[in-house]
Each structure stands twice: as structure tokens, then as C-alpha cells.
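Accompanying notes for the structure given below.
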Amino acid sequence: EREAAIRKAKKGKIRRKRKQLVAIFSIAFTICLATLVTLSLTVWFNVETINVKGSKLYSAEQIISTADVEKGDNLFLISTSVISERLQKQLPFITSVEIKRRLPDSIEISVKETTEKICVISEEKCFSADASGKILAEYDEVPEGLIKILVADDTKMQPGEKISFNTQ
């Protein structure tokens, strides 16, 4: 009986040690993981190089400035969808944007540009638009070579927005 009690006590001691080791390793793993994530978001993977491709109408500096990406920004904290939306809205001739993260420290912005196809003319202003109806620019005089559309004076148009007509 005494031997059985001793064996049982040893097994219990071994189980407790195993549980303690598992707990210690779990805590150590969690601390290491948290440290790696923190370093990845603060010290490592900061933007050092920004490359711009595909633009003929806008300079790389204009695109980078509008994208609001700077050296030192963290690659993983940059919202590519926000940047894409901002570029397409503020630089109207850009029709699509693809942003790629290049580890460890680069970001690549590829843009596709559209062309003027339509001229929307009101009594006071003239706007060019692409084939999808996105307003590209405002002109004082009607540009040559575009399809002309005459509209009532109460249309509301702004570069970067889609053509909208007041239907009331």
C-alpha cells in the first residue's frame, strides 16, 4: 500500500510539473509573440522606398503627396483601400490604383489613367469626362475632339465625381 501511495504521489507531482511547464511555455510564447508583433508594427517594416508606376499625367511626387504615404510609415498600418480611393478622387485622371507592399521596406503604387471622351457643357461651365462618366476637369472653353453634351445650368459637377443630373 505504501508503494502504491508513493507511486501515486510521484505521478501527481509529475502532472503538476507538466502543467507548470505548459503554463510557463505558454506565457513565454505569448510574450515572445506580443514582442514580435509590437516590433513589426513599430520598428521593423517601415517604408523606405516608394515607387510609382503608370502615370503620364501626374508626377510621382504628386501621387506620393496625395497618397499621404511617407518614409517611416509602417507597411502593415497603411490602408491601401483608403489610399486608392483618395488618389482616384483627388487626381481625377486616375481610374484605378494597385498598391503592393514589398517587404521589408518598399511600397509600389501602380496607377492607370483614363482619357477625356465627353464634354458636358452648361451655360457657364464646361467639364470633360471619361467614358464611364467621371468628371475629369473643368474648362473655360470647349475642348476640341470630344463628344459634346449640352445640359441645363442646374447640374452639379465636380472633378473626381460622376456626372449627375438634377432630374426634378
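So for region 66-89 (the condition being within 24 Å of Leu146 (Cβ to Cβ) and more than 12 Å from the chain's Cα centre (by Cα)), does at least one residue qualify? Yes: one or more hits.
Here is a yes/no grid of residues against (1) free of Cβ contacts under 8 Å to residues at least 40 places away in the same chain; (2) of a type in the set (D, E, K, R); (3) within 25 Å of Leu39 (Cβ to Cβ); (4) outside any strand (DSSP E or B):
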position: Ile78; (1), (2), (3), (4): yes, no, yes, yes
position: Thr95; (1), (2), (3), (4): yes, no, no, no
position: Ser110; (1), (2), (3), (4): no, no, no, no
position: Glu123; (1), (2), (3), (4): yes, yes, no, yes
position: Phe127; (1), (2), (3), (4): yes, no, no, no
position: Pro143; (1), (2), (3), (4): yes, no, no, yes
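Condition check ((1) open to solvent by 80 Å² or more (accessible area, probe 1.4 Å); (2) outside any helix (DSSP H, G or I); (3) under 30 Å from Glu161 (Cβ atoms)) across all residues:
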| site | (1), (2), (3) |
| --- | --- |
| Glu3 | yes, no, no |
| Phe25 | yes, no, no |
| Leu39 | no, no, no |
| Lys89 | yes, no, yes |
| Pro92 | no, yes, yes |
| Lys100 | no, yes, yes |
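The test for being surrounded by 15 or more Cβ atoms within 10 Å (Cβ to Cβ) and either part of a strand (DSSP E or B) or free of Cβ contacts under 8 Å to residues at least 60 places away in the same chain (or both) does not hold for Ile14. Within region 17-68, the residues that satisfy the criterion of being among the aliphatic types (A, V, I, L, M) and within 16 Å of Ser106 (Cβ to Cβ) are Val47, Ile50, Val52, Ala60, Ile63, Ile64, Ala67. Has region 90-98 got at least one residue that is out of contact with any Asp or Glu (no Cβ under 6 Å at 6 or more places or on another chain) and over 26 Å from Glu138 (Cβ atoms)? Yes, region 90-98 contains at least one residue that is out of contact with any Asp or Glu (no Cβ under 6 Å at 6 or more places or on another chain) and over 26 Å from Glu138 (Cβ atoms).
The values are calculated or read from the model by the stated rules, or taken from the named source; none is laboratory data. Just so it is clear, the structure is predicted and the values come from calculations on it, not from any experiment. So basically every Cβ, Gly included, is an ideal-geometry build from the backbone, and we count neighbours across all protein chains shown. We work out accessible area using only protein heavy atoms, side chains counted, and drop any ligands, DNA or RNA first. Shrake-Rupley method; radii C 1.70, N 1.55, O 1.52, S 1.80 Å.
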